[in-house]
């Protein structure tokens, strides 16, 4: 008698509890399904509407608005015109994001190096950490306003030009780079640093020859994710890069980018522009996904485990 | 020469470096400190510039009147300089403030339960093999730029959900601020799109936090005869609650600051709508859409910069509260980032642990 009760120490689960368990499992699974619905829908529309817009012409011509405007309300609709592709927008995005990364990545890794190698838990280092956190939460449009006031209104090197937009984007990327780099640099084992120091290496050699190479792939991953994040941003560019449609490689000129191109196309009356917006959106998402993919591949090669 | 032991020659040990060879060290340390200080200076300048630029609006209109008066009227813009004296144009930003808070609130109500459910399912219920792919799919939502959400919300969602919105408005018409005519773009639609946009960050942080629940707690609950759900309710959720709350607050901060997507799907009306199914405007949206035309009207421009400052302060407060919660949950300790690795041990996958740990920040 006693042995049989000890072999089943627990009372059987009542049907009510079993039902609740089943129900809640179903609810959680449904929640996951619901979370994936928007992703499926967005990808579906991106491909179904965006793919039809893509063509060689789409990638090799610049947006052309001059032929199609003005559109007079009330008058018969103007004849269909060639609104052009997104060549200048693609090039502009690459240039602005490239310059932004060039500004943000070295600075961000520098700050992270200071925090892990020198600052550690000092009050100043903690203050920097705190304000980097604050910076992460600043809405991107506020960065745009700041750069507009400081750089555009003051007419430093022209009006609203491309490099100013790159500065705004860099400010957005900076805290992301700092935080991810700090995590990765913190993962470098102290024993490696100590070994190098014990061999007589000066601190700067430890940093450049041991810490940075060990953390390299992690730093690349964090930086690429930050760049991917910056690539899709529209708000910091709205008032800072000037509105241009022409192709230019000069960062001192107004420039076009994919996000701002989509933004302005959405405000246009005819469906032609919406089609171009979908095509541009597909291109932009593809670029960001490629960056993410490269970042993940870099992460896989990480030496830190 | 007896160089076997450190001897002193000219006041310094032979093991000590010469001042010249120590120079790179000093330069590196000093240079990095300057860069780090640059971040503080940048944010200080940020705040000072925003305050200075919006002060004329605040002093002209009054902080209270600016924030809580429902009268944003720029219809007289371009009819001479009258707009700038504040006599013909009025700048009360309450409609925008309300729009921001309302849409962010709707986003939390819709988004957080879904995100937490997904996090619980992925960490506790689904087969181990499906964990990484499912997490990646949810995280993928964060890779979609906000302008694409705007495009999708405006062109696809707004017309398709009009019927659904009308049905909701009619069915639950007894609720306040609810019934009435339904516009395509609306507070509700903006909230829905924001819910989708905050889903990945809330879900990622919830997953992280749930992964830190000690296995012993879960096993203890199961050993006492709890079902899976009871284990989650009694062992997982109470332990992870501060972290989940922090994640939700970070999502709230994201929702408040979101600009382009909201600007498209909220409708753009600068008056307070009669229900959540009507058009409105948000603080970020009004800046994006009206800043261009405000250039030549100082008071107008200053009012929009004041909207930027309000937004900044709002997100600052929300993020600081979020931070305190997340710190309490032990994710971001001030003892340095090394603590991350400890938490990741059980949930580690193929990727480097540091990378999985940083993901929520980079979303």
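FYI, it's all coordinate maths here, none of it is from the lab. On a predicted model such as this, the values are computed, not experimentally measured, just so you know. FYI the Cβ positions are ideal-geometry reconstructions off the backbone, even for glycines, and counts take in every protein chain you see.
Observations on the model:
- Quarter of the Cα convex hull surface for the stretch B:170-315, i.e. its orientation-mean projected area (nm²): 11.8
- Sorting the Cα pairs of the stretch B:147-235 by distance into bins of 5 Å, from 0 upward, gives 3, 12, 15, 13, 10, 9, 9, 11, 11, 7, 1 percent per bin.
- Our analysis of chain A gives Rg over Rh at 1.14, with the two radii drawn from alpha carbon positions and Rh computed by the Kirkwood formula.
- Remark on the stretch A:93-162: Rg and Dmax equal 15.2, 43 Å (Cα only).
- Where the Cα pairs of the stretch A:137-265 fall when distances are cut into 10 Å bins, in %: 13, 32, 23, 18, 12, 3, 0
- Relative pair counts by distance (%), Cα atoms of the stretch A:204-272, 5 Å bins: 3, 14, 15, 15, 13, 10, 9, 9, 6, 3, 2, 1, 0
- Arranged from fewest to most other beta-carbon atoms within 10 Å of their beta carbon, B:232, B:136 become B:136, B:232.
- Cα convex hull, the protein assembly as shown: 213 Å³ per residue, rounded to a whole number.
- Helix A:15-50 axis, angle to chain A major axis (alpha carbon atoms, nearest 10°): 30
- Temperature 10 °C, viscosity 1.306 mPa s: under these conditions the Stokes-Einstein estimate for the stretch B:152-193, based on its Kirkwood radius over C-alpha pairs, is 153 µm² per second.
- Cα-derived Rg to Rh of the stretch B:58-207, Kirkwood definition: 1.11
- Ranking of B:174, B:68, B:46, A:239 by count of other Cβ atoms within 10 Å, fewest first: B:174, B:68, B:46, A:239
- The ranking of B:229, A:278 by Cβ neighbour count inside 10 Å, starting from the fewest, reads B:229, A:278.
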